[in-house]
Every structure is written in structure tokens, then in C-alpha cells.
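Comments concern the structure below.
Please treat every number below as a calculation from the coordinates, not as lab data. Because the structure is a prediction, the values reported are computed rather than measured. When we count neighbours, we look across all protein chains shown, and the Cβ atoms used for this are built from the backbone with ideal geometry, even at glycine.
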Amino acid sequence: MINIPILYFGYLVILFSIIGFGFLSSKLLSIRLSLGELGLSGILLMTILSYITNLFVSHGFIHNSIFLTIGLFSFFLISKKKLFRKKIKLILLVASVLFIGILMYKTHDDFFYYHFQYTISLIEFKKIFGVGNLEHGWRTPSSIFYFNSLFYLPILEKSLINSGAIYFLIFSNIFFIQKVFNLLKNKKIDFILILSLFSLLFINTIFYRLAEHGTDRSALILIFILAIYYLEGTNKKLSKINFKHYYQKILVIALLIVSLKSFYLIYTTFIFILLFEFRKILFTENFYKKIFFERVSYYFLIGTLIIVFTIFSNTGCLIYPASFSCIESFSWSIPKKEVIEMKTWYELWSKAGASPTYRIDDVEFYLTGLNWFPNWVQNHFFNKISDFLLSLILIVIITSIFLIKFKKVKLPKKNFYLLYTLVLLLLLEWFLNHPALRYGGFTLIALSIFIPLSIFIESRLNLNIKLKKKIISLILISFFVFSLKNINRILKEIDKYNYNPLVNAHFYINEDAYSSSELLLKAEKKRNIDKKKFYIVLDRNLINNLHLINDE
């Protein structure tokens, strides 16, 4: 039984360790980072190291205890600095408010399908090749599984291995809060401030339920930050030093996004349009050599290769489910025909052609052209997207009431057209190929509204002395909504599942899913897979365990 104080203590230990790793990454990459950026950079470094260490050892108590201790030691070093000590209050305040998000009984629908199993396999075994042959959920590894596997700790055991998403939310909140108040302090009250505020209100009120984050929503939150970096950089007269600063940060966030789901590789286009915007600076005195051959660029390349290697070692594909990237000659490779079938299945699911209770008969006809559109409108637009749009409109209305005056002020033109065009193109690609909100729709729809609206509000902003108080009020309202919705959720879980967070605070753990070796055996029997197909392993204990269970 894990009570709330023990869970909260473990939660803070992980939080401080993440900041410590963020400090280490800032030194490693020679990059200046704000507090929110420090946390996100720490998550990325921990994740990359998690990938690497799992090649050699399992993520058991000893590994994880040593790992987090290194982060804590680094945190204590940085906490001695006076400037940082002032920021600890903000960390504790935001973390404490959002803590209620991890008090849950029911997890994500896919959690016990493959999230939990994948994480447990990292805890019990070092790198296993070919696991994508067991279940298709194992073919799309997310960095959040590797991140979560580091939270299997003494006393706490498995009680926090579903909590990775909360740290993305915490440090993104801190990033937006610092961005808003730094701009207010420097009297740069522009559309970047408004967009940052919109983004914060969005993630706290729309993404309030941590059990729904899965492997998608953390990446969608980071896309807001990516857009803010680009817009802030392109609306300044950047020197070479300042350009390098934005370029470094965009690479770090882009790598973190791609690691969460390889599908989000499409968002690396933000890097290319940034380079296009500043092509004159790049080609001045061969400046591009200093950009492309510096630490963050190598870091991005190494991180990308690690992610690609992991997907390849699971499936035989460099990018799953892109069949052109699959090499069938390896013993663990998934046949291209099956990869194509899975790609079709993902598209069918996103276009409302399949669900846990039904599946369209004529798949080929359904996916041709826009034949899927009427059914998608009926089964996905109503009520998922329509409810989301209503929430979005409510955010816009309330924010506008707080900030807008009717008198228009003439301001310099903003450089946003290239990014906004990209957002609209990505939105079109999303609609035609995978129109489910979780596959990018949340953020793309929001940005398509927030970017022009932020520019509009800037020209009509009520710049009286109460502006700061109004912004603080909006932020507090977003935290209040987050807390209220989670309290309501917990009350429903108490009623439905007899969940008692005061006695046992962590999520429901299906004990049948505890042993990854048993899970692998069940999957093997279900799929009737030849052992030679996927027993290309670095930890031979897996084979022995499977054989022992089979013999019994």
C-alpha cells in the first residue's frame, strides 16, 4: 500500500532528479536554458541514457537508484546558486498543484495492452530484439516507456511507472509561466505573450486528464513550445549568437517530440523552415559550419539514431509502419505485407472505420477518396472534435473578455506566414491521412486559431495597470479548472472502482500483467510465433524463463 505522502515524496525525488539531469545537459551542450527548458532537457537526457543503458542492463532497483541519485546530486549542486533558489518555490508550487493529476485508479486504455508490458520488459530484461513480432503495440516504442522505466524504485516499486506525462506537463507549465512573466517584466507585451498564455490555458484545461495522455499528448504539448520558439526567433532581428540559441533549443524540443512517437518526425519541418528563414545568416562567412558541426547537432543526430535503432531492432523497419524502410532479410524482421496491413489498420482506425466494437467490411472502398468522411463525421467529429472545439471556443471567449479593448492600435507586421502555412498544410495532411485528435489534431487545430488570434489581440490589448493581474487570474483559473476536473474524476473513480487514494494512492495494477516473461509467452501462444523469429536477445534469461513456464 502506497499512501499519498510516500507517493508525493517519490514524485518530488524524480522531479528534482530531472532538473539535475537538465543542468548536466546544459553543461554538456553549452546551452543556456530557462527553468522549464531545463526540465524538458533533463527528460530528454534521461531518456537517451535510458535507451543506452538498457542495451547492457535491466532497469531494476539498483540501476534506477544509482541513476536518480546522479540527478539528485546534480540538483543539489545547482540549488546552491542564489538565482536558482528563488525558482524552487515556482517548481514546488506548480508540481504540488498538478500532483492531483497522478492520483488515479484507471489508466490509459492502451496501458495494460502494451504500455505497461513494454515498461516492465525494460525493468526485467536488457535489450530484446524482435519483440515487434509478438503484438503490434510493441512495434511503436515510445521514449516515454524508457523514461517511465527509470521510476521503478525501492518502496515505490511500480506505483510511479505511469507518471512520465506529468513531468512534461509540469515543465511545460513552468516554461509558459516564465515566458509570460519575463515578457511582462521586459515590457514586451506582444503576440508571443498571448500565444504562450493561450498554450498554458489549453494544456491545463484540455489535457487535464493524465490517464488520456498515452504516448501522444506530451508531444502535442511540446509542439506549442516549438511554434513559440520559431515565432519568437523570426520576429526578432537575430544576430548569429541569438540564431544559434533558438536553433539549439528547437533541436532539443524536436528530438524530444520525435522520440515520443516516430510519426511526429513530420514536425522536424520546423527546423527546416527556421533554417530557410535565416539562410542569409547561415551562409555569411560559412556560419552554417559552426551550426551543423556543433554539440547540439551531434546530440540530435545521436538521439535520432538511437530511436531509429530501437524501432529497427523491434521490427526490422527504420520507420514503422513505413514499408519502404523495412528490411526483410533479418531473422526478426516483420514481413512488409504485414507492415502495409498495419498501416492500413492505423488509417482505418483514425478515420472511424474501426473501433473496439465494430469494423467496416469493405476497407479498400472505405479508405478510397473521401468515402470515409460521412462515417467519420458521425462517429468522430460528433462528439469528440465538436466537444473539443467548444472547449477551445470557451478558452478564446474568456481570454478575449479579459484582455481585449475595442480600440485598434497599429503595429508592425508580424512574420508568421511561413509557419502558419506549414501549420495549415500539416492540418490538411492530418485530415486526409489520420484525422484523429490524438495524431496531431489537438495542437494543429489550436495553433490555426491561436496564432492569428494572438496577433489580433495584440493590436487591441488593454494595456492598463491591471493587465498583469488579469493574466495572473487567467492562469489561476486554468489551475483551478485542472484541479476541479481531477477532483470530479477521482470522485467518480471512488464511486465506480472503490478507489481510495488516502489508503492506496497509486493506479490499479493488473497483477496478471506483472511478469513480462509471462506476457511474452502469452503473446507467443496467441500469435503462434516461431521462437527463432524473435529470440535474438542480449539477455538469455528471457528464453530460459519462457521455457520454464512452457514446461510447467
* Let me know the whole percent of all Cα-Cα pairs from the stretch 276-397 that are separated by more than 25 Å. => 58 percent
* **Quotient of C-alpha Rg and 2.2 N^0.38 Å, computed over the stretch 348-433** => 1.59
* When N counts the residues of the stretch 184-298, how does its alpha-carbon radius of gyration compare numerically with 2.2 N^0.38 Å, as a ratio? -> 1.18
* Asked: PHE56 versus ILE155, label points 7 Å from Cα toward the beta carbon: distance in nm?
  -> 2.9 nm
* Given the pairs LYS237/LYS408; LYS384/LYS466; LYS410/LYS466; LYS187/LYS410; LYS158/LYS351; LYS81/LYS126, which span a C-alpha to C-alpha distance of over 28 angstrom in this model? -> LYS384/LYS466; LYS158/LYS351; LYS81/LYS126
* Quote to one decimal, in nm, the extra length available between SER329 and ASP109 on full extension: 0.36 nm per residue of separation minus the C-alpha distance between them. => 75.8 nm
* Asked: Hey, if you put +1 on the Cβ of every Lys and Arg and -1 on every Asp and Glu Cβ in the chain, which of GLY39, ASN379, GLY214 ends up farthest toward the positive end of that dipole?
  -> GLY39
* To do: Measure of size requested: the Rg and Dmax of the chain, with Cα atoms as the atom set and Å as the unit; please supply both.
  => 23.6, 80
* Asked: In 10 Å bins starting at 0, how do the alpha-carbon pair distances of the stretch 86-185 split up by percent?
  -> 13, 37, 28, 16, 6, 0
* the stretch 338-434: chymotrypsin sites (Phe, Trp or Tyr not before Pro) falling in loop per DSSP and having at most 14 other Cβ within 10 Å -> TYR358, PHE406
* Structure fact -> The local net charge around ILE221, scoring Lys/Arg +1 and Asp/Glu -1 for residues other than ILE221 whose Cβ lies under 15 Å from its Cβ, equals +2
* **Positive-end residue, the chain charge dipole about Cα centroid, Cβ charges, pick of LEU265, MET342, PHE191** => PHE191
* Sort the stretch 42-118 into rounded, prolate or oblate with this rule: let a ≥ b ≥ c be the square roots of the eigenvalues of the Cα gyration tensor; rounded if a/c is under 1.5, and if a/c is not under 1.5, prolate when a/b is larger than b/c, oblate otherwise. => oblate
* Structure fact -> Computed for the chain: size of charge dipole around the Cα centre, +1 on C-beta of each Lys and Arg, -1 on C-beta of each Asp and Glu, debye to nearest 20, value 3340 debye
* Contour excess over end-to-end distance, with Cα ends at VAL481 and VAL363 and 0.36 nm allotted per residue -> 38.3 nm
* How long is the gain from ILE494 to ARG460 if the chain were fully straight, where each residue apart is worth 0.36 nm and the alpha carbon distance is subtracted? -> 7.6 nm
